[in-house]
1. Please go through region 193-208 and pick out each residue that is closer than 18 Å to W169 by Cβ, at pLDDT 95 or above and either surrounded by 13 or more Cβ atoms within 10 Å (Cβ to Cβ) or touching a Ser or Thr at 6+ places or on another chain (Cβ under 8 Å) (or both).
2. So, E150, is that one out of contact with any Lys or Arg (no Cβ under 8 Å at 6 or more places or on another chain), on the phi > 0 side of the Ramachandran plot and not in a strand (DSSP E or B) or not?
3. So T20 fits all but one of (1) in contact (Cβ under 8 Å) with a residue 24 or more places away in the chain; (2) crowded, with 16+ Cβ neighbours inside 10 Å; what number is the exception?
4. Tell me whether region 180-203 contains one or more residues that are among the aliphatic types (A, V, I, L, M), out of contact with any strand residue (DSSP E or B) (no Cβ under 6 Å at 6 or more places or on another chain) and part of a loop (DSSP other than H, G, I, E, B).
5. Collect the residues in region 152-178 that are surrounded by fewer than 21 Cβ atoms within 10 Å (Cβ to Cβ) and in contact with a helix residue (DSSP H, G or I) (Cβ under 6 Å, 6 or more places away or on another chain), keeping them in residue-number order.
6. Could you please let me know if Q154 is of a type in the set (S, T, N, Q), over 16 Å from the mean Cα position of the chain (by Cα) and either modelled with pLDDT of 95 or more or under 16 Å from E67 (Cα atoms) (or both)?
7. Can you tell which of T130, T72 is at pLDDT 95 or above, under 21 Å from A164 (Cβ atoms) and among the β-branched types (V, I, T)?
8. Filter region 119-128 down to the residues that are surrounded by fewer than 17 Cβ atoms within 10 Å (Cβ to Cβ) and touching a residue at least 24 places away in the same chain (Cβ under 8 Å) and list them by number.
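The values are calculated or read from the model by the stated rules, or taken from the named source; none is laboratory data. Small disclaimer: the values here were computed from a predicted structure and weren't measured. Positions of Cβ are generated from backbone atoms using ideal geometry, with glycine treated the same way; all protein chains shown enter the neighbour counts.
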Amino acid sequence: MTTNDSFQSAELESYIINHTTPEPSFLQQLFRETHLKTTKPRMLSGPIQGRFLTMLTQMIQPKNVLEIGTFTGYSALCIAMGLPENGKITTIDYDVEIEHLARKYFACSGLEHKIRFIVDDAQKVIPLLTESFDMVFLDADKENNLLYYEQIMQKTHIGSVIIADNMLWSEKILQTGHHDPKTVKIEEFNNFIQHDERVENVLLPLRDGIMLMRRIR
């Protein structure tokens, strides 16, 4: 989920995109259709974050990836593009109203064999998964980030990479005084991760903020 494209100027963002490997046409089409047919297209990962996810996956070469929060499938496809031939991503989302859009692009991408799409409540599904995941992308309801995180820790191992999106929340985490509930929960999550000795972490100012973690215990 992404609330804005960048903290940089439009000119700088355009320069970044023009100096980044272009996304394939099916992702461009998914981007357009998401903006035309959904009420919250800002939740979609864009081309900069998408290429980052693809390249990160290519470097890690995970066999099993978990994504919490599918939306229309853009980030799942970006990750699937970077997977080795025997790699698989399990992506979970409860929204049945946009399921068809994700499945449509999973099928036309040629990557469907690498994607397991589960339409259900992730909090209920994750404890039932039997795999150990090498990489996790957390991009669901922010109020439950800590709950998902503890579930994730039961399904990962030393060396696993965990990525949490929207950790700057349009810079609302810098506001003083009273915060809205989502901002409070994001700030709690960031502070928890900073002091969790099970991981090492870096908060990247990429789009709406990506917390990148590597499990060390």
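1. Of everything in region 193-208, those that are closer than 18 Å to W169 by Cβ, at pLDDT 95 or above and either surrounded by 13 or more Cβ atoms within 10 Å (Cβ to Cβ) or touching a Ser or Thr at 6+ places or on another chain (Cβ under 8 Å) (or both) turn out to be I193, N201, L203, L204.
2. Answer is no for this residue.
3. Status for T20: all satisfied but (2).
4. No, the conditions are met nowhere in region 180-203.
5. Answer for region 152-178, where residues must be surrounded by fewer than 21 Cβ atoms within 10 Å (Cβ to Cβ) and in contact with a helix residue (DSSP H, G or I) (Cβ under 6 Å, 6 or more places away or on another chain): K172, I173.
6. It is true that Q154 is of a type in the set (S, T, N, Q), over 16 Å from the mean Cα position of the chain (by Cα) and either modelled with pLDDT of 95 or more or under 16 Å from E67 (Cα atoms) (or both).
7. The unique qualifying residue is T72.
8. Answer for region 119-128, where residues must be surrounded by fewer than 17 Cβ atoms within 10 Å (Cβ to Cβ) and touching a residue at least 24 places away in the same chain (Cβ under 8 Å): V119, D120, D121, Q123, P127.
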